[in-house]
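Step one of this worksheet: look at the structure below.
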Amino acid sequence: MNVLVLNSGSSSQKSCLYQIGDTLPQDPPGCIWEGKIEWADGKAEYSIRNSRGVSRKNLPSVGSRAQAIERLLQSLWSGETQAISKPSDIDVVGHRVVHGGPQHFEPTVVTAEVKSAIQSVSVFAPLHNRAELQGMEIVAKLLGPVPQIAVFDTGFHHNMPLAAATYPGPYEWFEQGIRRYGFHGINHQYCAQRAAELLGKNLNSLKLVTCHLGNGCSLAAIRDGRSVDTTMGFTPLEGLMMGTRSGSVDPGVLTYLMRRRHFLDEQLDDVLNKKSGLLGISGISSDMREVLDARRNGTEPAKMARARLALDMYVHRLQSGIGAMVAVLGGADALVFTAGVGENSPEVRGAACDNLAFLGVRLDQEKNAQSPLDKDKDVSAPDAAVRVLLIHAQEDWMIARACWNLLQTATTRVSH
Ligand code: ADP
């Protein structure tokens, strides 16, 4: 079965094609084709490669965003990076949908009704949900009636206990859908399943804290395979300090900025989402590598001090978040680090685990120092009570698996 996965972001479009046989492999297979567009200053930058090792970058820019995505997908069945002979070789298309709102949480076949539900919650995540709907339209135009499946990043957190999901505002908020949804659910769930495999234990017997540290950052507390708490909330802005996002701040700061500094809602959105976090504090970059480098090798003391503060704050919030998740679980069997920073920064992992010895967290310094991550592994000291695992984020594979499962179930039903 050929499964195409689309991950449509506000400023990027990632896609990949998996070929899956009659049974699901235990380890994630590589993609047979992978394509990405990043938009910067209105220009599309392409990067495409197939499993024969043919890659292309810098295709000439085309007009609209939709045209750029069409060109990316066409390179699957035509031109040098071709991986299949015709569009109809694709059996199913899976979409990462950031916000499913209160109604949608299980992987779902995309129908007009589902699209309108995704549209109706796009006010909660405007940039993402609109890009995802556009991806569905483009697929329908290019591939015709191929089944499309939406997999929701909020889905895994859907059954969080009400005490964790509800904001302590008026109860009407909850009735109006103003509640904590949580995000990064596709990868938190994947990491939980993978952690159970690595530990050789049943997922239903484990207490896990998964730390997704990429450009966006969130933690999840997972008991018996279910998310019981997470740091992101109504939007992906709550919780940890991130690359350009602030994470949690006192809402009083926002009312102060609106009342006394006459901030408009778009300005608030802009400052909290794009000018805060590592970038806002360091004044250097949202990229952890550059912040770490400036702190160590900078030449201006004032810049070095700001880079140091940014890192200290990032780690401080990470530690207090992990502490809160462990408290909610009443202990932990393992801590999982995943995504760009989590997988690749021994320094951030080391600093985050430094104060957690009282919980039984102890790193094997040598294993922790090996970077970049070549394979998923345990980097804790042999006698540590809480294991520390590094797991490569695999959202696309998780989506492909969900598509495969849905299609297999549908086929089995039809053949009975
Ligand atoms: P996204 O959340 O967009 O999927 P990623 O998971 O790819 O992002 O994470 C991107 C971030 O990972 C980058 O901004 C960078 O800060 C961080 N990163 C990547 N490699 C390293 C590294 N070797 N050390 C520290 N941080 C890294």
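The values are calculated or read from the model by the stated rules, or taken from the named source; none is laboratory data. What you see is a predicted model, and the numbers here were worked out from it, not measured in a lab. A quick note on method: Cβ atoms are made from the backbone with ideal geometry, for glycine too, and the neighbour counts reach across all protein chains shown. Note: accessible area is taken over every heavy atom of the protein model, side chains too, but ligands, DNA and RNA are not part of it. Shrake-Rupley method; radii C 1.70, N 1.55, O 1.52, S 1.80 Å.
Less than 10 Å Cβ to Cβ from Lys14, Lys/Arg counted +1 and Asp/Glu -1: what total charge do the surrounding residues give? Every neighbour counted, the sum reads -2. Here the simple spin-label model places points 7 Å from the Cα toward Cβ, and for Trp39 and Asp91 these points are separated by 3.3 nm. Using the Cβ-Cβ distance between Asn202 and Asp287 with R0 = 35 Å, the FRET efficiency computed as 1/(1 + (r/R0)^6) comes to roughly 0.35. Once the mean of 1/r is taken over each pair of separate Cα atoms and inverted, the chain shows a Kirkwood hydrodynamic radius of 22.5 Å.
Over the Cα atoms of the range 148-252, the radius of gyration divided by the Kirkwood radius equals 1.00; this is the Rg/Rh ratio. In this label model, Leu127 and Ala357 are separated by 4.1 nm, measuring between points 7 Å along each Cα→Cβ vector. Please find, in a Gaussian network model of the chain (springs between Cα atoms separated by less than 10 Å), the residue of Met242, Met398, Met258 whose mean-square fluctuation is greatest. Result: Met258 has the largest fluctuation of those listed. Taking the charge dipole of the chain about its Cα centre, with +1 at Lys and Arg Cβ atoms and -1 at Asp and Glu Cβ atoms, the residue from Phe358, Gly283, Thr111 reaching farthest to the positive side is Gly283. Divide the volume of the convex hull around the Cα atoms of the range 13-55 by the residue count and you get 71 Å³ per residue. Between helix 126-143 and the chain there is an angle of about 20 degrees, using the helix long axis and the longest principal axis of the Cα atoms.
For Lys275, a cut-off of 23 angstrom between C-alpha atoms picks up these lysines, skipping any fewer than 8 places away in its own chain: Lys43, Lys303. Put simply, the convex hull of the Cα atoms in the range 1-120 casts, on average, a shadow of 9.0 nm². Seen from Arg52, the other residues with C-beta closer than 15 Å to its C-beta sum to a net charge of 0, counting Lys and Arg as +1 and Asp and Glu as -1.
Report note on the peptides 126-139, 262-275: ranked by the mean count of other C-beta atoms within 10 Å, highest first, their order is 126-139, 262-275. Counting only Cα atoms, the range 292-409 measures 61, 31, 28 Å along its principal axes, largest extent leading. If R0 is 60 Å, the Cβ-Cβ spacing of Glu172 and Glu80 corresponds to a FRET efficiency of close to 0.55. A crude spin-label estimate for the pair Lys57 and Ser320, with each label 7 Å from Cα along the Cβ direction, gives 4.1 nm.
Which pairs break 24 Å Cα to Cα here: Lys86/Lys375; Lys14/Lys141; Lys274/Lys367; Lys207/Lys274; Lys14/Lys274; Lys115/Lys207? Pairs exceeding 24 Å: Lys86/Lys375; Lys274/Lys367; Lys207/Lys274; Lys115/Lys207. Counting only alpha carbon atoms, the long axis of helix 265-274 and the longest principal axis of the chain meet at about 80°.
Shape verdict for the range 193-238, please, from the Cα gyration tensor: rounded (a/c under 1.5), prolate (a/b greater than b/c) or oblate. Oblate is the answer for the range 193-238, as a/c is 1.5 or above yet b/c matches or exceeds a/b. In terms of accessible area, using a 1.4 Å probe and ignoring ligands and nucleic acids, Trp39, Trp33 rank largest first as Trp39, Trp33.
Dipole check for the chain: with +1 at the C-beta of Lys and Arg, -1 at the C-beta of Asp and Glu, and the Cα centre as origin, the magnitude is about 460 Debye. Placing a label point 7 Å from the Cα of Ser371 along the Cα-to-Cβ direction, the residues of the range 213-230 whose backbone N falls under 20 Å from that point are 213-219. If you find the alpha carbon centre of the range 236-266 and of the range 165-216, how far apart are they in angstrom? Taking the Cα centre of the range 165-216 as reference, the centre of the range 236-266 is 23 Å away.
Think of a 1.4 Å ball rolled over the protein heavy atoms: the chain then has 47 Å² of accessible area per residue.
Apolar share of the accessible surface for the chain: 51 percent from carbon plus sulfur atoms, 1.4 Å probe.
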